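As structure tokens, the structure follows; a few thoughts come after it.
Only the coordinates and a few stated rules stand behind these numbers; no lab work does. Quantities reported herein were computed from a predicted structural model and do not represent experimental measurements. For neighbour counting, all protein chains shown are included, and Cβ atoms are generated from backbone atoms with ideal geometry for every residue, glycine included.
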4 protein chains.
Amino acid sequence: MTTTDTTPRLRADARRNRDRIISAAQAVFTERGTEVPMEEVARSAGVGVGTLYRRFPDRDSLIRAVAQDAFDTVLEDTRATIAQKPDAWTALSQIMHRGLALRTVVRLTVLSSRARAIINSDPNTEAVNNQFLELVEDLVRRAQADGKLREDISTGDIAVLSGLALQGMQALPEELRTIAPARYIAVLLDGLRAENSRPLPGRPISADEVIIRTPEVEF
Amino acid sequence: MTTTDTTPRLRADARRNRDRIISAAQAVFTERGTEVPMEEVARSAGVGVGTLYRRFPDRDSLIRAVAQDAFDTVLEDTRATIAQKPDAWTALSQIMHRGLALRTVVRLTVLSSRARAIINSDPNTEAVNNQFLELVEDLVRRAQADGKLREDISTGDIAVLSGLALQGMQALPEELRTIAPARYIAVLLDGLRAENSRPLPGRPISADEVIIRTPEVEF
Amino acid sequence: MTTTDTTPRLRADARRNRDRIISAAQAVFTERGTEVPMEEVARSAGVGVGTLYRRFPDRDSLIRAVAQDAFDTVLEDTRATIAQKPDAWTALSQIMHRGLALRTVVRLTVLSSRARAIINSDPNTEAVNNQFLELVEDLVRRAQADGKLREDISTGDIAVLSGLALQGMQALPEELRTIAPARYIAVLLDGLRAENSRPLPGRPISADEVIIRTPEVEF
Amino acid sequence: MTTTDTTPRLRADARRNRDRIISAAQAVFTERGTEVPMEEVARSAGVGVGTLYRRFPDRDSLIRAVAQDAFDTVLEDTRATIAQKPDAWTALSQIMHRGLALRTVVRLTVLSSRARAIINSDPNTEAVNNQFLELVEDLVRRAQADGKLREDISTGDIAVLSGLALQGMQALPEELRTIAPARYIAVLLDGLRAENSRPLPGRPISADEVIIRTPEVEF
DNA sequence: AATGAATGAGCATTCATTCAT
DNA sequence: CATGAATGAATGCTCATTCAT
């Protein structure tokens, strides 16, 4: 787990508790949504509710911490990927194929309007997200310059599309849930290649446009 | 609205109310998930809770009715599309571009595990769904025979992919929410074309495999 | 059914409906208490709720009518019994052994505080009840004068005791429910005979004292 | 209160609350039946509904606990009585004259079919009840051998008869409600004596026959 | 006049959050 | 500090009563 330590000093055991809670919450939120009873989260972290609430005064603050953590991981991964790959298209492909943390982010931002609202109003997470999007933006530009990525597409589109392919797999039986995302990312990538492209309807969606304000949807 | 009239005879006003409730529930479920307070559903249908409950004795039975209705509409639309288009690829494209009812089905089946469980145990809805999948299956085969659709793909894949592109748009600002689905369906279609396709990882997923049994996820 | 016709004129079919409702309500109240859903009562009378409510504007008024009817029957039976039996003790025995209408009265008065409150405030029923108690009072006096009935007992005691033996049989299996009341009435009668008697604790309870004011108990 | 401690360890305050709830529920159930609003029970125990539900997850489990407790007390009382009284008839008399806990049992078993169903399916309570009935059975046999108790009677009859005399007193004004049960128990006992008894109709009812299966009656 | 639909108040139950141990 | 108990507000569902057909 990667945690941007905001709380300066924390005794070792308290720290450990905090981490266990975030891990557990991430798993539980990903599996069953952000509306699970707090007691469930506590139980699955192996602590009492009291402890949970001492660390995170309400559900929102827990969601915020989980999001924070996931965004951090995504950013780190992305940096690591870029550090090794000079080819923009390959880098993009790899990033889109990435796993759990990205999936958490997707769930949190795409599926739960509550999480979205929280994330949108958290400067810390937003900052990390912006850094991530900048990196992707650069890759997009470079991949297009290389003639690999279609022109009528922008960073926001990529963000949304990666999101789609990483979610919604719960409808599949266990066996397929593992292989399906890779398949659909691959289909998408084929659809994103310059060579294949028919002109798209609408207009490119930029990175700035995917940070959202719709607070009503709640699955 | 398309309602398969199961209840033999219903007084005109009762019928009207029933329809209003299903419409309202469809909208509300699509907007805010299947867990909205029943009172909300009632209010948005302009009836009292009592009426809602008289017609649908519990939430499950309402979800079932909404699903039924949505599946019916999807099937009808699909038939109409096929009736006019002899070209399989075009037919598939059009079906994938279709709107609200399909979106409801997707929401209901992909996002809410509760809805999934209900639908899976409703023979009526399942029957309609099967008819729909058969139609698509035929289109897929034909489009592949025509050399339009890539070979390493099957009906289940198409079903999942259409689902993905039709959901998750709530993360976008109002303006884009309208145009985005069409864009992403287009990208997907480009990715699905036979020409230039790279081999996909995994294996084709058949129609039978997307009727699902995982009841834990609940957003 | 014996109904003291208060409502002067009533069309034949309306009259028939009224009677069917009272019969049904008597049965249902006796079986399942005075709190059964009105819809149940209506269904078991074979009419719609609307009709039920047209006849009896609320639950209380239905209970009142049922009580009325039962009291009437009890009074009639008692008169008939007395008319044939000059021996007071035998008359008392027979009255105590009587069946359904008496049982309804007992249920209504002993088990449901609501019914009790209603009956107590209904001059009509009260009048009938008073006539009944006067008859019993006379029998008690005569049976004591004959040396058959113990002296330290009064009409109120008899009323309460008959009530007890006629109720609470629902705890027994079907077969016994039929024979049990007769057995226990017999035991009671043996206990009431002058010859057997040890002095009782407390004091004789008169007829006036069993018309009651406690409105809290509600089974 | 006698509580069979099933839950291993319970914080002092929780334990205290548990006991208060059972006491309150016993009183309230006895006064107003097993259908009182849970909120009433909670209020009368001086706790919030939440606490009530934490301890007893639903109404049935509360009824079960109250029954358990009452049966325990009855059994204890009975043992104590027997321990001091070698004379079977006197022991029986005393047991029949006993008060509140017995009355609760009676209410619960005789008046509420719901309670009956619960008790019948609770092995724990059933066990205690069986022990109780064995003790009474023995007393009945001895009292008959002593020539004190009439021969044409069995344990089940005694159980039913004690039940009758201990209930239904709510029809009486406050003052009499205190003395009445003793009076009627006395009458019954006179009726149960061997001397002067007339043969009873029907047949003796054994202890096994009063554990019942009729779940429809609900007062 | 009879019917059954509509309404909404009432009670059961769950769960976020606070607080005593 | 950690724990789990207590609280009460929110929501599901039922049913008495009213009213349109």
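Worth pointing out:
- Under the Karplus curve 6.51 cos²θ - 1.76 cosθ + 1.60, θ = phi - 60°, whole-Hz ³J(HN,Hα) for region B:15-21, x wherever Gly or Pro sits: 3, 4, 4, 4, 5, 4, 5
- Whichever lysines have a C-alpha closer than 16 Å to that of C:LYS85, once near sequence neighbours (fewer than 8 apart) are set aside: C:LYS148
- Along chain C, longest interval not containing exposed GluC sites (Glu not before Pro), exposed being DSSP loop plus at most 14 other Cβ atoms within 10 Å: C:1-150
- Taking chain B and dividing mean pair separation by its residue count, relative contact order in percent (alpha carbons under 8 Å, at least six apart): 22
- Only Lys, Arg, Asp and Glu carry charge here, each on its Cβ (+1 for the first two, -1 for the last two); on that basis the protein assembly as shown has a dipole of about 440 debye about its Cα centre.
- Cα gyration tensor category, rounded, prolate or oblate, for region D:80-175 with a/c compared to 1.5: oblate
- Karplus-derived 3J(HN,Hα), 6.51/-1.76/1.60, for each residue of region A:39-44, Hz, glycine and proline x: 4, 4, 4, 4, 4, 5
- J(HN,Hα) series, region A:178-195, from Karplus relation 6.51 cos²θ - 1.76 cosθ + 1.60, nearest Hz, glycine and proline x: 6, 8, 4, x, 4, 4, 6, 4, 4, 4, 4, 4, 4, x, 8, 4, 4, 4
- Cα gyration tensor, region A:5-163 - rounded (a/c under 1.5), prolate or oblate: prolate
- Under 5 Å between amide hydrogens, built in the peptide plane, is the criterion, and for A:SER206 it picks out A:GLY156 among residues at least 5 positions away or on other chains.
- Take the Cβ atoms of A:GLU39 and B:GLU151, set R0 to 60 Å, and the FRET efficiency comes out at 0.75.
- Angle between chain B longest axis and helix B:88-97 axis [Cα atoms, degrees, rounded to 10]: 40
- Compared with the alpha-carbon gap, the fully stretched path from C:ASN124 to C:SER206 is longer by 27.4 nm at 0.36 nm per residue.
- Between B:LEU149 and B:GLN144, B:ALA194, the built amide H atoms are under 5 Å apart, and every one of these is 5 or more places off in sequence or on another chain.
- Cα gyration tensor shape of the protein assembly as shown, rounded if a/c is under 1.5, else prolate or oblate by comparing a/b with b/c: prolate
- Nm distances between copies for D:GLU134, ranked from closest, using label points 7 Å along Cα→Cβ: 5.8, 6.7, 8.3
- Here D:MET38, C:MET96 are placed in order of increasing Cβ neighbour count within 10 Å, fewest first, which gives D:MET38, C:MET96.
- Loop-exposed trypsin sites (Lys or Arg not before Pro) per DSSP, neighbour cap 16 Cβ within 10 angstrom, longest uninterrupted part of chain B: B:12-212
- Legend: ranking of residues B:PHE29, D:PHE132 from fewest to most surrounding C-beta atoms inside 10 Å; resulting order D:PHE132, B:PHE29.
- Residue of chain A with the smallest Cβ distance to the axis mapping A onto C, distance rounded to whole Å: A:PRO37, 17.
- The mean number of partner chain beta-carbon atoms within 10 angstrom of a residue's beta-carbon across peptide A:196-204 is 5.
- Separation of alpha-carbon centers, region C:137-156 and region C:44-99, rounded to whole Å: 25
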